[in-house]
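Note sheet for the following structure.
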Amino acid sequence: MSKLDDAELRRLAHTVLVREAAGLTNLADTVEPSVVRVARAVVETTGKVITTGSGTSGIMAERLAHLLSVCGAPALYLPAMDALHGGMGAIGTTDLVLAVSKTGRSTELTQLVTRLVDRGVHVIAVTEDAGSPFGNAATEVAELPATAADSDPGNMIAMTSTLAVGAWGDAVSVVAMALSGHTMHDVVNSHPAGGVGTREDVMSDTDKPVVGL
């Protein structure tokens, strides 16, 4: 058991929070072009939006699929290994795949993306390494700035990098809503459960955007 006292532990917690906040700040003025490009692709897709990934990146891909659906862009999450075990049969050439991998060195994800592109599926790789095997296998890349090594402890434990992917996906979702005209009314209409479903005040305001400039 560690002998660190509460003051030292609070300093440690503060260090983690400062590093993660800095990682998110690094996105601004860097990823906006890719956000707009991907949001347009999402809105213009005539089929489904499929997100995929492995490990923690897979968890963030699943979150993105849910968020896009809430925001008016129907999306589903398909784990990379499930896709390689036959699930990729659900993906057609009219679909858009958003595949997430921080390092781009996930063998199974690279294999999946290679096979999908060979079948004529449009795949956007979301990664910090555009020149990785994963990035090279995709149709196009949405590159995120490299996470500082100390922000992902040991440059291994995905922490700040997952927040960066999440924030990037949040921006994509909001821009997609702006492009499609999805409103607060639409959000509540498709989200009848929980606190969101009780927002009768929103239901009377059909033209209010979710996020304004």
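The values are calculated or read from the model by the stated rules, or taken from the named source; none is laboratory data. Fair warning: this is a prediction, and the values are worked out from it, not measured in the lab. Every residue, glycine among them, receives a Cβ derived from its backbone with ideal geometry; neighbour counts consider all protein chains shown. What goes into the accessible areas is simple: the full protein's heavy atoms, side chains included, and nothing from ligands, DNA or RNA. Shrake-Rupley method; radii C 1.70, N 1.55, O 1.52, S 1.80 Å.
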query: Ordered by packing density, taken as the mean number of other Cβ atoms within 10 Å over each peptide's residues, highest first, how do 85-98, 42-55 rank?
result: 42-55, 85-98
- prompt: Which listed residue (Leu64, Asn155, Ser34) has the Cα farthest towards the positive end of the charge dipole for the chain, taking +1 on Lys and Arg C-beta and -1 on Asp and Glu C-beta about the Cα centre?
  reply: Asn155
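With charges set only on the Cβ (+1 for Lys and Arg, -1 for Asp and Glu), what does the dipole of segment 50-196 come to about its Cα centre, in debye to the nearest 20?
Working: 5 positive and 13 negative charges, 40 e Å.
That gives a dipole near 200 debye.
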- request: Can you figure out the FRET efficiency of Arg119 with Asn155, using R₀ = 41 Å and their beta-carbon distance, to the nearest 0.05?
  value: 0.75
statement: Any residue on another chain or 5+ positions along whose placed amide H is under 5 Å from the amide H of Val141 is listed here as Ala125
statement: Of every hundred units of 1.4 Å-probe accessible area on the chain, the number belonging to carbon and sulfur atoms, as a percent, is 58
- prompt: By how many nm would the segment from Leu24 to Asn136 lengthen if fully extended, with 0.36 nm per residue of separation less the alpha-carbon distance?
  reply: 37.8 nm
task: May I ask you to derive the FRET efficiency for Ala13 and Glu44 from their Cβ-Cβ distance with R0 = 35 Å, giving the value to the nearest 0.05?
output: 0.20
field: Contour excess over end-to-end distance, with Cα ends at Thr93 and Asp170 and 0.36 nm allotted per residue
entry: 25.2 nm
Distance (nanometres) between label positions extended 7 Å along Cα→Cβ at His85 and Thr107: 1.7
Residue (of Met88, Ala138, Ala167) at the positive-pole extreme of segment 83-192, dipole from beta-carbon charges: Met88
- line: D (µm²/s, integer) via Stokes-Einstein for segment 90-162, Kirkwood Rh across alpha-carbon pairs, 10 °C, 1.306 mPa s: value 127
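Relative to the present Cα-Cα distance, how much length would full extension add between Leu179 and Val36 at 0.36 nm per residue of separation?
Numbers: separation 143, 0.36 × 143 = 51.48 nm, distance 0.96 nm.
Between Leu179 and Val36, full extension yields an extra 50.5 nm.
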